[in-house]
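First up is the structure itself, then whatever we jot down about it.
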Amino acid sequence: MESLNGIAFFVQAAETRSFTEAGRVLGVSSSAVGKSVSRLEDRLGVRLFHRSTRSITLTAEGALFLERCRRILCEVEAAELELSETQQAPKGRLRISLPQVRTLVMPALTAFMHRYPAIELDIDFSDRLVDVIEEGFDVVMRTGEPTDSRLMSRPLGSYRLQLVASPGYLASHRPPEVPTDLVHHTCLHHKFPTSGKLEPWPLKRSKGAPEFTMPASMICNTSEGLMDVVLAGLGIACLPDFMVRQAIERGQLDSVLDTYIEHQGTFRLLWPSSKHLAPKLRVFIDFMVEALFAKQVVA
């Protein structure tokens, strides 16, 4: 920054041909301008001005340096103007990481793109736990409580897991009445991509109920893959309510063991902590909070 100030002082002095006049324009003393130019000359190892008691004139090196400095200051001014305009109008590229729940997020994303056509979305769909800062994401959507102190967060809405199966599957297999009945069923499981562990089914255990191990007839690392298989009548799956709601309303799926399910999850947006949010990020956060779980009150 000191170098940039020195350049600004030098350019002003060259254009006014006076340290005194340059100081008046810049709001500093003439000695401050003279000392700044002298430090610049010492750093460069060349003399930029011929000095006399009445005036200053550029040396050959000073004239050459002046043209470069004018271009530098023009670039700085253009950059400041560009940033100022960015603060006023949401635009530019926004890099986002989202879980693979396209049925939930795509309607909101397409509506956002219609409203803010000047914002370019670079979307990475992944259930992997990304490093927001190291991997250069502007914002990510994830479940659970935030644990990284470098990040800000805002809740989007809640969901619950449900056990579902197709009517055809339940017609050919006796519907489970208690959790232990699942040992006799085709169970379709979700695997966490990062850890490789199976996502547990949130079943309440009655006091004194025996422990049991559910069969794992299929394991998949995406919920959407499980959705296709359960719709095909090939077993029971544990899926989020927003994914199965329409299929249940259409009669394509039935929920099972509802009274034994104990689950509540929350989706959140996370982004690097900063005093000032870029307009493109601010409008994205506000829009997603408003649109994603429109019928819910976000706590």
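Observations on the model:
- Conditions (1) more than 21 Å from Val229 (Cα to Cα); (2) surrounded by 20 or more Cβ atoms within 10 Å (Cβ to Cβ); (3) not charged (D, E, K, R): number failed by Thr180: (2)
- Residue in the range 54-66 that is touching a residue at least 40 places away in the same chain (Cβ under 8 Å) and on the phi > 0 side of the Ramachandran plot present: no
- Matching residues in the range 126-141 - criterion: being crowded, with 16+ Cβ neighbours inside 10 Å and in contact with a strand residue (DSSP E or B) (Cβ under 7 Å, 6 or more places away or on another chain): Val130, Val132, Phe137, Asp138, Val139, Val140, Met141
- Note on the range 49-106: residues that are modelled with pLDDT under 85 and within 30 Å of Ala247 (Cα to Cα) total 4.
- Test: residue in the range 133-145 that is in a loop (DSSP other than H, G, I, E, B), of a type in the set (A, V, I, L, M, F, W, C) and touching a Pro at 6+ places or on another chain (Cβ under 6 Å): yes
- Filter pass, Pro167 being crowded, with 19+ Cβ neighbours inside 10 Å and in the same structural domain as Ala247 (by TED's automatic domain parsing): no
- A count restricted to the range 102-125 and to residues that are hydrophobic (A, V, I, L, M, F, W, C), touching a strand residue (DSSP E or B) at 6+ places or on another chain (Cβ under 7 Å) and not in a helix (DSSP H, G or I) stands at 4.
- In the range 187-209 there is at least one residue that is among the charged types (D, E, K, R), surrounded by fewer than 19 Cβ atoms within 10 Å (Cβ to Cβ) and part of a strand (DSSP E or B).
The values are calculated or read from the model by the stated rules, or taken from the named source; none is laboratory data. None of these values were measured; they are calculated from a predicted model. All Cβ positions, glycine included, derive from the backbone under ideal geometry; neighbour counts span all protein chains shown.
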